[in-house]
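For reference, the structure discussed in these notes is given below.
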Amino acid sequence: MAKRLGVITSGGDAPGMNAAIRAVVRQGIASGYLMVGVKRGFRGFLEDEYVNLTARSVSGIINSGGTMLHTGRCPEMKTKTGMNRAIKAIKELELGGLIIIGGDGSLAAGNALSKQGIKVMNIAASIDNDIYGTDETIGYDTALNTAVESIDKIRDTATSHDRIFVVEIMGREHGFLTADVGLAAGCEFIIVPEMGTDFHKLAKGLKEGKEKGKTSEIIAFAEGCGSSCEFGYKIEKLTGLEVRVSTLGYIQRGGRPTARTRILASKFGHAAIDLFHKGKINQLVGITNGNVSAVPINRAISLEKKFDDKTFKVLKTLSV
Ligand code: F6P
(Lines give C-alpha, C1' and ligand atoms only; values in the text may rest on other atoms or scores of the structure.)
Protein backbone atom coordinates (compact mmCIF):
# COMPACT_ATOMS: atom_id res chain seq x y z
CA MET A 1 0.00 0.00 0.00
CA ALA A 2 1.25 3.50 -0.85
CA LYS A 3 2.62 5.51 2.05
CA ARG A 4 0.73 8.59 3.13
CA LEU A 5 2.37 11.99 3.39
CA GLY A 6 0.90 15.10 4.97
CA VAL A 7 1.25 18.65 3.71
CA ILE A 8 0.45 21.72 5.76
CA THR A 9 0.76 25.51 5.46
CA SER A 10 1.31 27.27 8.74
CA GLY A 11 1.86 30.78 10.15
CA GLY A 12 1.25 33.90 8.07
CA ASP A 13 0.18 33.26 4.50
CA ALA A 14 2.71 34.12 1.81
CA PRO A 15 2.13 34.39 -1.94
CA GLY A 16 3.42 31.21 -3.55
CA MET A 17 2.25 28.85 -0.82
CA ASN A 18 -0.27 27.44 -3.29
CA ALA A 19 2.44 26.90 -5.89
CA ALA A 20 4.42 25.03 -3.22
CA ILE A 21 1.41 22.86 -2.27
CA ARG A 22 0.92 22.03 -5.95
CA ALA A 23 4.57 21.04 -6.33
CA VAL A 24 4.62 18.94 -3.15
CA VAL A 25 1.39 17.14 -4.05
CA ARG A 26 2.29 16.39 -7.66
CA GLN A 27 5.88 15.38 -6.90
CA GLY A 28 4.62 13.32 -3.96
CA ILE A 29 2.16 11.44 -6.17
CA ALA A 30 4.87 10.93 -8.81
CA SER A 31 7.05 9.38 -6.10
CA GLY A 32 4.29 6.96 -5.08
CA TYR A 33 2.76 8.68 -2.03
CA LEU A 34 -0.86 9.34 -1.17
CA MET A 35 -1.09 13.01 -0.23
CA VAL A 36 -3.16 14.36 2.66
CA GLY A 37 -3.67 18.09 3.27
CA VAL A 38 -3.95 19.33 6.85
CA LYS A 39 -6.26 22.34 7.03
CA ARG A 40 -5.84 25.66 8.90
CA GLY A 41 -2.25 25.07 9.94
CA PHE A 42 -1.55 22.87 12.95
CA ARG A 43 -5.08 23.54 14.19
CA GLY A 44 -6.13 20.96 11.60
CA PHE A 45 -4.51 18.24 13.71
CA LEU A 46 -6.28 19.45 16.85
CA GLU A 47 -9.65 19.69 15.13
CA ASP A 48 -9.34 16.79 12.67
CA GLU A 49 -9.58 18.79 9.46
CA TYR A 50 -8.00 16.97 6.56
CA VAL A 51 -8.43 16.64 2.82
CA ASN A 52 -7.15 14.01 0.39
CA LEU A 53 -5.19 15.72 -2.35
CA THR A 54 -4.89 14.50 -5.92
CA ALA A 55 -3.08 16.00 -8.88
CA ARG A 56 -6.41 17.56 -9.88
CA SER A 57 -7.12 19.05 -6.42
CA VAL A 58 -4.17 21.36 -6.97
CA SER A 59 -5.08 22.43 -10.51
CA GLY A 60 -5.27 26.14 -11.27
CA ILE A 61 -3.64 27.31 -8.03
CA ILE A 62 -0.09 28.10 -9.16
CA ASN A 63 -1.10 31.70 -9.83
CA SER A 64 -3.18 32.42 -6.74
CA GLY A 65 -2.18 34.09 -3.47
CA GLY A 66 -3.10 32.83 0.00
CA THR A 67 -3.26 29.10 0.65
CA MET A 68 -5.95 26.63 -0.44
CA LEU A 69 -5.30 24.67 2.79
CA HIS A 70 -5.85 27.81 4.88
CA THR A 71 -3.36 28.63 7.58
CA GLY A 72 -3.04 30.03 11.07
CA ARG A 73 -0.85 30.46 14.07
CA CYS A 74 -1.39 27.71 16.63
CA PRO A 75 0.05 28.59 20.06
CA GLU A 76 -1.08 25.19 21.38
CA MET A 77 1.80 23.64 19.42
CA LYS A 78 4.14 25.24 21.93
CA THR A 79 2.55 23.21 24.72
CA LYS A 80 3.14 19.53 25.54
CA THR A 81 -0.59 18.78 25.26
CA GLY A 82 -0.86 20.40 21.81
CA MET A 83 2.25 18.63 20.57
CA ASN A 84 1.02 15.25 21.84
CA ARG A 85 -2.34 15.74 20.14
CA ALA A 86 -0.63 16.53 16.85
CA ILE A 87 1.61 13.46 17.13
CA LYS A 88 -1.40 11.26 17.98
CA ALA A 89 -3.24 12.61 14.92
CA ILE A 90 -0.22 12.02 12.67
CA LYS A 91 -0.04 8.41 13.87
CA GLU A 92 -3.79 7.82 13.52
CA LEU A 93 -3.66 9.20 9.98
CA GLU A 94 -0.72 6.88 9.31
CA LEU A 95 1.34 9.73 7.86
CA GLY A 96 4.85 8.58 7.04
CA GLY A 97 5.99 12.20 7.10
CA LEU A 98 4.89 15.81 7.05
CA ILE A 99 5.87 18.60 4.67
CA ILE A 100 5.51 21.95 6.44
CA ILE A 101 5.32 25.12 4.35
CA GLY A 102 5.84 28.28 6.42
CA GLY A 103 8.15 30.64 8.29
CA ASP A 104 10.01 30.58 11.58
CA GLY A 105 7.04 29.38 13.72
CA SER A 106 6.60 26.48 11.32
CA LEU A 107 10.29 25.73 11.60
CA ALA A 108 9.95 25.57 15.40
CA ALA A 109 7.00 23.17 15.07
CA GLY A 110 8.95 21.05 12.56
CA ASN A 111 11.91 20.92 14.90
CA ALA A 112 9.76 19.89 17.87
CA LEU A 113 7.98 17.17 15.84
CA SER A 114 11.25 15.81 14.47
CA LYS A 115 12.56 15.48 18.03
CA GLN A 116 9.54 13.27 18.75
CA GLY A 117 10.40 10.96 15.85
CA ILE A 118 8.09 12.42 13.19
CA LYS A 119 9.77 12.66 9.78
CA VAL A 120 9.41 16.23 8.55
CA MET A 121 10.58 18.56 5.81
CA ASN A 122 10.23 22.33 6.14
CA ILE A 123 9.84 24.59 3.12
CA ALA A 124 10.78 28.22 3.74
CA ALA A 125 7.78 30.46 3.01
CA SER A 126 7.37 33.93 4.49
CA ILE A 127 7.30 37.48 3.18
CA ASP A 128 9.84 38.41 5.90
CA ASN A 129 12.78 36.50 4.35
CA ASP A 130 14.21 36.14 7.85
CA ILE A 131 15.04 32.42 7.96
CA TYR A 132 18.57 31.13 8.35
CA GLY A 133 19.54 28.60 5.68
CA THR A 134 17.95 30.23 2.67
CA ASP A 135 18.82 33.35 0.71
CA GLU A 136 15.16 33.78 -0.17
CA THR A 137 11.81 32.57 1.11
CA ILE A 138 8.68 31.84 -0.90
CA GLY A 139 6.56 35.01 -1.10
CA TYR A 140 9.37 37.46 -0.50
CA ASP A 141 9.80 38.57 -4.12
CA THR A 142 6.05 39.09 -4.50
CA ALA A 143 5.81 41.16 -1.31
CA LEU A 144 8.85 43.14 -2.39
CA ASN A 145 7.23 43.99 -5.73
CA THR A 146 3.90 44.84 -4.08
CA ALA A 147 5.58 47.20 -1.62
CA VAL A 148 7.68 48.86 -4.33
CA GLU A 149 4.60 49.43 -6.52
CA SER A 150 2.82 50.96 -3.53
CA ILE A 151 5.70 53.32 -2.77
CA ASP A 152 5.83 54.34 -6.45
CA LYS A 153 2.25 55.54 -5.94
CA ILE A 154 3.01 57.22 -2.62
CA ARG A 155 5.87 59.03 -4.36
CA ASP A 156 3.33 60.81 -6.60
CA THR A 157 1.63 62.39 -3.57
CA ALA A 158 4.94 63.05 -1.82
CA THR A 159 6.26 64.93 -4.85
CA SER A 160 3.05 66.81 -5.60
CA HIS A 161 2.84 68.07 -2.00
CA ASP A 162 6.59 68.41 -1.33
CA ARG A 163 6.21 66.07 1.61
CA ILE A 164 8.28 63.60 3.55
CA PHE A 165 6.70 60.16 3.85
CA VAL A 166 7.41 57.45 6.38
CA VAL A 167 6.27 54.15 4.87
CA GLU A 168 5.91 51.24 7.27
CA ILE A 169 6.86 47.86 5.84
CA MET A 170 6.25 44.40 7.36
CA GLY A 171 8.98 42.03 8.53
CA ARG A 172 8.28 41.37 12.19
CA GLU A 173 11.52 42.11 14.10
CA HIS A 174 13.70 42.10 10.98
CA GLY A 175 14.49 44.58 8.21
CA PHE A 176 15.32 42.30 5.27
CA LEU A 177 12.18 43.22 3.33
CA THR A 178 12.39 46.90 4.24
CA ALA A 179 16.02 47.24 3.08
CA ASP A 180 15.32 45.77 -0.35
CA VAL A 181 12.07 47.72 -0.73
CA GLY A 182 13.92 50.91 0.19
CA LEU A 183 16.61 50.35 -2.41
CA ALA A 184 14.20 49.29 -5.16
CA ALA A 185 11.77 52.16 -4.53
CA GLY A 186 14.56 54.75 -4.49
CA CYS A 187 13.87 55.70 -0.88
CA GLU A 188 16.09 58.35 0.69
CA PHE A 189 16.47 56.54 4.02
CA ILE A 190 15.95 53.05 5.42
CA ILE A 191 15.20 52.40 9.09
CA VAL A 192 15.54 48.79 10.29
CA PRO A 193 15.88 47.16 13.72
CA GLU A 194 19.31 45.73 12.83
CA MET A 195 20.81 49.22 12.52
CA GLY A 196 20.42 52.02 15.07
CA THR A 197 18.73 55.33 14.21
CA ASP A 198 20.53 58.61 14.72
CA PHE A 199 17.57 61.01 14.69
CA HIS A 200 19.65 64.17 14.46
CA LYS A 201 21.64 62.83 11.52
CA LEU A 202 18.41 61.76 9.85
CA ALA A 203 16.77 65.16 10.39
CA LYS A 204 19.88 66.88 9.04
CA GLY A 205 19.87 64.59 6.00
CA LEU A 206 16.20 65.29 5.30
CA LYS A 207 16.69 69.05 5.54
CA GLU A 208 19.75 68.89 3.30
CA GLY A 209 17.69 66.93 0.80
CA LYS A 210 15.21 69.81 0.61
CA GLU A 211 18.04 72.30 0.21
CA LYS A 212 19.44 70.24 -2.64
CA GLY A 213 16.09 70.57 -4.40
CA LYS A 214 14.44 67.26 -3.55
CA THR A 215 10.69 67.57 -3.86
CA SER A 216 9.94 64.39 -1.96
CA GLU A 217 11.76 62.20 0.51
CA ILE A 218 10.65 58.73 1.49
CA ILE A 219 11.78 56.79 4.53
CA ALA A 220 11.32 53.00 4.36
CA PHE A 221 10.53 52.10 7.98
CA ALA A 222 10.50 48.51 9.25
CA GLU A 223 7.58 47.62 11.54
CA GLY A 224 10.07 46.08 13.98
CA CYS A 225 11.36 49.58 14.80
CA GLY A 226 8.22 50.49 16.71
CA SER A 227 5.44 52.96 15.99
CA SER A 228 5.80 54.59 12.56
CA CYS A 229 3.34 57.31 13.66
CA GLU A 230 5.49 58.28 16.63
CA PHE A 231 8.53 58.14 14.39
CA GLY A 232 6.88 60.44 11.83
CA TYR A 233 5.80 62.85 14.55
CA LYS A 234 9.34 63.01 15.89
CA ILE A 235 10.78 63.65 12.43
CA GLU A 236 8.23 66.45 11.85
CA LYS A 237 9.22 68.08 15.15
CA LEU A 238 12.93 67.80 14.43
CA THR A 239 12.82 69.06 10.83
CA GLY A 240 9.84 71.41 10.84
CA LEU A 241 8.90 69.80 7.50
CA GLU A 242 5.55 68.27 6.59
CA VAL A 243 5.53 64.51 7.25
CA ARG A 244 2.93 61.85 6.49
CA VAL A 245 2.91 58.21 7.53
CA SER A 246 1.58 55.30 5.49
CA THR A 247 1.42 51.68 6.67
CA LEU A 248 1.40 49.21 3.79
CA GLY A 249 0.06 46.39 5.99
CA TYR A 250 -1.52 43.20 4.73
CA ILE A 251 -1.54 44.13 1.04
CA GLN A 252 2.09 42.95 1.24
CA ARG A 253 0.93 39.40 2.00
CA GLY A 254 -1.63 39.08 -0.78
CA GLY A 255 -1.87 38.95 -4.52
CA ARG A 256 -0.69 36.78 -7.36
CA PRO A 257 2.78 35.38 -6.83
CA THR A 258 5.45 36.72 -9.18
CA ALA A 259 7.09 34.33 -11.64
CA ARG A 260 10.17 34.29 -9.40
CA THR A 261 8.11 33.28 -6.37
CA ARG A 262 6.34 30.55 -8.37
CA ILE A 263 9.62 29.14 -9.66
CA LEU A 264 11.08 29.09 -6.15
CA ALA A 265 7.95 27.41 -4.75
CA SER A 266 7.95 24.78 -7.49
CA LYS A 267 11.63 23.99 -6.99
CA PHE A 268 11.34 23.89 -3.19
CA GLY A 269 8.30 21.59 -3.31
CA HIS A 270 9.98 19.28 -5.79
CA ALA A 271 13.21 19.16 -3.74
CA ALA A 272 11.42 18.57 -0.42
CA ILE A 273 9.78 15.39 -1.73
CA ASP A 274 12.86 14.28 -3.59
CA LEU A 275 15.07 14.57 -0.50
CA PHE A 276 12.45 12.98 1.77
CA HIS A 277 12.10 10.06 -0.65
CA LYS A 278 15.86 9.56 -0.57
CA GLY A 279 15.80 9.49 3.23
CA LYS A 280 17.25 12.95 3.81
CA ILE A 281 14.69 14.03 6.38
CA ASN A 282 14.27 16.82 8.95
CA GLN A 283 15.66 19.44 6.58
CA LEU A 284 14.75 23.00 5.70
CA VAL A 285 14.61 23.44 1.94
CA GLY A 286 15.78 26.80 0.64
CA ILE A 287 18.06 28.41 -1.91
CA THR A 288 21.74 29.24 -1.50
CA ASN A 289 23.80 31.06 -4.14
CA GLY A 290 21.21 30.23 -6.78
CA ASN A 291 20.99 26.52 -5.99
CA VAL A 292 18.23 24.71 -4.12
CA SER A 293 19.73 23.72 -0.78
CA ALA A 294 18.89 21.88 2.43
CA VAL A 295 20.00 22.50 5.98
CA PRO A 296 19.04 20.43 9.05
CA ILE A 297 16.04 22.00 10.79
CA ASN A 298 17.77 22.01 14.19
CA ARG A 299 20.60 24.04 12.67
CA ALA A 300 18.31 26.48 10.85
CA ILE A 301 16.34 27.14 14.02
CA SER A 302 19.37 27.80 16.17
CA LEU A 303 21.07 30.31 13.87
CA GLU A 304 20.14 33.89 12.97
CA LYS A 305 20.15 35.04 9.37
CA LYS A 306 22.85 37.66 8.93
CA PHE A 307 21.73 41.14 7.98
CA ASP A 308 23.85 42.56 5.17
CA ASP A 309 24.47 46.30 5.48
CA LYS A 310 25.73 46.60 1.87
CA THR A 311 22.29 47.90 0.88
CA PHE A 312 22.84 50.89 3.14
CA LYS A 313 26.16 51.71 1.54
CA VAL A 314 24.62 51.55 -1.94
CA LEU A 315 21.64 53.66 -0.88
CA LYS A 316 23.83 56.31 0.75
CA THR A 317 25.50 57.15 -2.56
CA LEU A 318 22.48 56.71 -4.78
CA SER A 319 19.90 58.63 -2.77
CA VAL A 320 21.62 62.02 -3.04
O1 F6P B 1 5.49 36.81 9.20
C2 F6P B 1 4.72 37.50 8.27
C3 F6P B 1 4.09 38.70 8.91
O4 F6P B 1 3.29 39.35 7.93
C5 F6P B 1 5.03 39.70 9.57
O6 F6P B 1 5.66 40.53 8.63
C7 F6P B 1 4.10 40.43 10.51
O8 F6P B 1 4.79 41.01 11.58
C9 F6P B 1 3.20 39.30 10.97
O10 F6P B 1 3.24 38.32 9.98
C11 F6P B 1 1.77 39.67 11.22
O12 F6P B 1 1.13 38.56 11.75
P13 F6P B 1 -0.44 38.33 11.81
O14 F6P B 1 -0.88 37.82 10.47
O15 F6P B 1 -0.61 37.29 12.85
O16 F6P B 1 -1.07 39.64 12.14
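Couple of notes before you dig in:
- Residue count, the stretch 65-113 (criterion: touching a helix residue (DSSP H, G or I) at 6+ places or on another chain (Cβ under 9 Å) and open to solvent by 40 Å² or more (accessible area, probe 1.4 Å)): 12
- Residue selected from the stretch 36-54 under the condition in a loop (DSSP other than H, G, I, E, B) and open to solvent by less than 20 Å² (accessible area, probe 1.4 Å), by the criterion farthest from MET68 (Cα to Cα): PHE42
- Subset of the stretch 17-35 [crowded, with 24+ Cβ neighbours inside 10 Å and either among the aliphatic types (A, V, I, L, M) or not assigned by TED's automatic domain parsing to the domain that holds THR261 (or both)]: MET17, ALA19, ALA20, ILE21, ALA23, VAL24, VAL25, MET35
- Pairs meeting the criteria (first residue in the stretch 72-91 and assigned by TED's automatic domain parsing to the domain that holds LYS39 and away from the ligand (no atom under 16 Å from the Cβ), second residue open to solvent by 70 Å² or more (accessible area, probe 1.4 Å) and modelled with pLDDT of 95 or more, beta carbons under 8 Å, at least 6 apart or on different chains) are MET83/GLN116; ILE87/GLN116; ALA89/ASP48.
- Long-range neighbours under 7 Å by Cβ, at least six apart or interchain, first residue outside any strand (DSSP E or B) within the stretch 162-185, second basic (Lys, Arg) and more than 10 Å from the ligand (Cβ to nearest atom): ARG163/ARG244
- Among the residues of the stretch 137-151, not a single one is away from the ligand (no atom under 16 Å from the Cβ), assigned by TED's automatic domain parsing to the domain that holds MET17, at pLDDT 95 or above and crowded, with 19+ Cβ neighbours inside 10 Å.
- Matching residues, the stretch 13-40, being at positive phi and touching a Lys or Arg at 6+ places or on another chain (Cβ under 7 Å): GLY16
- With a requirement of 2 or more residues that are of a type outside the set (D, E, K, R) and under 16 Å from the mean Cα position of the chain (by Cα), the helices (runs of 4 or more DSSP H) lying completely within the stretch 225-306 that satisfy it span 259-277, 297-302.
- Qualifying residue in the stretch 27-35 (condition: under 25 Å from the mean Cα position of the chain (by Cα), outside any strand (DSSP E or B) and more than 24 Å from ALA143 (Cβ to Cβ)): yes
- Lone unmet requirement of (1) in contact with a Leu (Cβ under 7 Å, 6 or more places away or on another chain); (2) buried (at least 20 other Cβ atoms within 10 Å of the Cβ); (3) assigned to a helix (DSSP H, G or I) for ALA203: (2)
- Yes/no for ILE154 being farther than 21 Å from GLY12 by Cα, in a helix (DSSP H, G or I) and either assigned by TED's automatic domain parsing to the domain that holds ASP104 or at pLDDT 95 or above (or both): yes
- Qualifying residue in the stretch 81-95 (condition: assigned to a loop (DSSP other than H, G, I, E, B) and more than 26 Å from ILE263 (Cα to Cα)): yes
The values are calculated or read from the model by the stated rules, or taken from the named source; none is laboratory data. Here the structure is a predicted model, which means the values were calculated and not measured. Here Cβ is always computed from backbone atoms with ideal geometry, including for glycine, and neighbour counts include all displayed protein chains. Only protein heavy atoms, including side chains, enter the accessible area calculation; ligands, DNA and RNA are left aside. Shrake-Rupley method; radii C 1.70, N 1.55, O 1.52, S 1.80 Å.
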